[in-house]
Amino acid sequence: MDKLVIHGQREIGGEVQISGSKNAALPILISTILTPEKVELTNVPMLQDIFTTKKLLNVLGVNVKSEGNNFVVQANKLNQFDAPYELVKTMRASILVLGPLLARFGQARVSLPGGCAIGSRPVDIHIKGFEAMGAKINISHGYIDAKSDHLPNKRLQAATIFMDQVSVTGTENLMMAATLAEGVTTLENAAREPEVVDLGECLVKMGAKIDGLGSNRIVVRGVKELSETHHQIMFDRIEAGTFLVAAAITGGEITCQGVDPGKLDAVMRKLTEAGVDIKVKGNEICAKGQRRLKAVNIITAPYPAFPTDMQAQFMAMNCVSDGVSEMTETIFENRFMHVQELIRMGADIDIKHNTAIIRGVKKLEGANVMATDLRASASLVLAGLIAEGKTTIDRIYHLDRGYEALEEKFNKIGAKIERVSA
Ligand code: EPZ
């Protein structure tokens, strides 16, 4: 397993081109199942979860051609409806094939994703939604067997679905299914995340009839079929947020290019509150940290509130800021795996239920630490950038799932990060 070795306390500063969004690219790549025609996608990030999605689509018989960040996908020869455990266990988002396969082919067999490091990650909202649309769902031997070819015209039926919790992939799965259902489907308590909107906009370009994108009520009028399109994947707001925190924590000046600042409001507000100088200019955000920041309290919640995917990164920043801060994680039940690792670097953190209490310390010390999940890994990279001495991060396959060439991007702006293959 590869490790990253980070030499701390170097001058960091410069411009970073932000890659396409992992969490927009995954559902959009899978949405190509909904049409037999060609879908061209640009700005697709080159990262592990994308390679896994490509493999999954190939297993289903979908033709995927990629050249760098550009993909051409065509599901005209799709002849398999089974997403195997081997692939689903490595990427939970594979559950997103359920909606499109059901909607277009009336059948799907998808391994239950199971839990992951940050929580149990149930899929009951997805299942309940498909059942509301008339699908017959049987769960046995760790697989979800779904059928809708018993329905009139073998098509899912429209429904009004109230989702008990705001679920990003739950909203995406049901929205994709509804595009080919018979009638008008309403998703109440829908996710408002920009990645859900990006998927919706791509579906509309394919001929879907969707209203309410970005609101908590999405209305989809089913159509007979969807057609070809081309779409540029939106920027990765979590990657951008990670680099903005890097500027804050190192005191350097970093300009994130190719972003939509309006989609990072909650993150920029908290950075400003911490004392970071933020300048927005067109599709660029420039952040400049300062030696000592003020610790900030955080409560994660669905968009447009503070994103759970930025919690670990802000915790690294709070560890070396002045004062005591409280960080409450309301989305996942076990998303503090980075805490023990930060404590090994000298951080002063206590956990009480779903709240971490962080007392700022003067400095962190380099140490051998272990990545446990994607965003926890990012938090350890940030801590390593400012720690005294060397930090070695093990199991960085977690990091490679969600960041495109992170160490190259950091090294280009002054960091010294080496990838060591074990
Ligand atoms: C998406 O996960 C993202 N992944 C996650 O990003 C992100 O942290 C999360 O949304 C929240 O923003 C992708 O988009 C691929 P949820 P998702 O369904 O859809 C509960 C990253 O780091 N829930 O919005 O799986 C669930 O347990 C990843 O890039 C149910 O109870 O998350 C959680 O408590 C990590 N039943 C809450 O809802 C369900 O059927 C929100 O989960 C579905 C979800």
Of everything in the range 370-386, what is buried (at least 24 other Cβ atoms within 10 Å of the Cβ) and more than 16 Å from the ligand (Cβ to nearest atom)? Give them in sequence order.
A383, G384, L385, I386
Per the list (1) in contact (Cβ under 8 Å) with a residue 40 or more places away in the chain; (2) closer than 17 Å to P100 by Cα; (3) surrounded by 15 or more Cβ atoms within 10 Å (Cβ to Cβ); (4) more than 11 Å from the ligand (Cβ to nearest atom), residue check on K224 breaks on (3)
With the requirement that a residue be touching a Leu at 6+ places or on another chain (Cβ under 9 Å) and open to solvent by 10 Å² or more (accessible area, probe 1.4 Å), what does the range 20-41 give you?
K22, P36, E37
Would you be able to tell me the number of residues in the range 120-156 that are open to solvent by less than 60 Å² (accessible area, probe 1.4 Å), under 17 Å from F105 (Cβ atoms) and in a strand (DSSP E or B)?
5
Any chance the range 396-411 includes a residue that's open to solvent by 10 Å² or more (accessible area, probe 1.4 Å), part of a loop (DSSP other than H, G, I, E, B), touching a Gly at 6+ places or on another chain (Cβ under 6 Å) and more than 16 Å from the ligand (Cβ to nearest atom)?
no
Checking V168 against (1) within 16 Å of the ligand (Cβ to nearest atom); (2) touching a strand residue (DSSP E or B) at 6+ places or on another chain (Cβ under 9 Å); (3) closer than 24 Å to M91 by Cα; (4) open to solvent by 30 Å² or more (accessible area, probe 1.4 Å), only one condition comes out false. Which one?
(2)
Can you pull out the residues in the range 90-119 that are in a loop (DSSP other than H, G, I, E, B) and farther than 16 Å from T169 by Cβ?
G106, A117
Under the condition of being within 13 Å of the ligand (Cβ to nearest atom) and open to solvent by less than 10 Å² (accessible area, probe 1.4 Å), which residue from the range 42-51 is nearest to the chain's Cα centre (by Cα)?
D49
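The values are calculated or read from the model by the stated rules, or taken from the named source; none is laboratory data. Because the structure is a prediction, the values reported are computed rather than measured. Neighbour counts run over all protein chains shown; Cβ positions are idealised from the backbone, glycine included. Ligands, DNA and RNA are stripped out before the accessible areas are found, and what is left, the full protein with its side chains, is counted by its heavy atoms. Shrake-Rupley method; radii C 1.70, N 1.55, O 1.52, S 1.80 Å.
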